[in-house]
Amino acid sequence: MLRIESEREDDGRWIAEVPALPGVLTYGTSEGEARAKVKALALRVIADRLDNGEPLPHEIAGVFETA
């Protein structure tokens with residue numbers, strides 16, 4: 001399971017990030033919007049890593065099982 005952290009910035013925007021995936025950080029006008037955007041970005045980054053043979057974060061490394 002990947003953890004999402006979010007907080008409100010001084011200017012009122014919300015920021016959300018997935019610490020296990022460096023650079024996966026988004027802003028939104030609400031906490032829900034920021035979290036939704038960061039989930040979508042995290043999935044894109046995970047797909048890119050799989051396409052390029054890069055390792056996944058240990059939190060989700062066992063999500064796929066070879067049959």
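Brief remarks on what is shown
- Among the residues of the range 19-40, none qualifies, meaning not one is open to solvent by 90 Å² or more (accessible area, probe 1.4 Å), modelled with pLDDT under 95 and hydroxyl-bearing (Ser, Thr, Tyr).
- Check on residue 16, surrounded by 11 or more Cβ atoms within 10 Å (Cβ to Cβ), without any contact (Cβ under 8 Å) to a residue 40 or more places away in the chain and either part of a loop (DSSP other than H, G, I, E, B) or over 9 Å from the mean Cα position of the chain (by Cα) (or both): no
The values are calculated or read from the model by the stated rules, or taken from the named source; none is laboratory data. Quick caveat: nothing in here was measured; it's all calculated off a predicted structure. Cβ sites come from the backbone with ideal geometry, for glycine too, and all protein chains shown count toward neighbours. All accessible areas refer to the heavy atoms of the entire protein, side chains included, with ligands and DNA or RNA removed. Shrake-Rupley method; radii C 1.70, N 1.55, O 1.52, S 1.80 Å.
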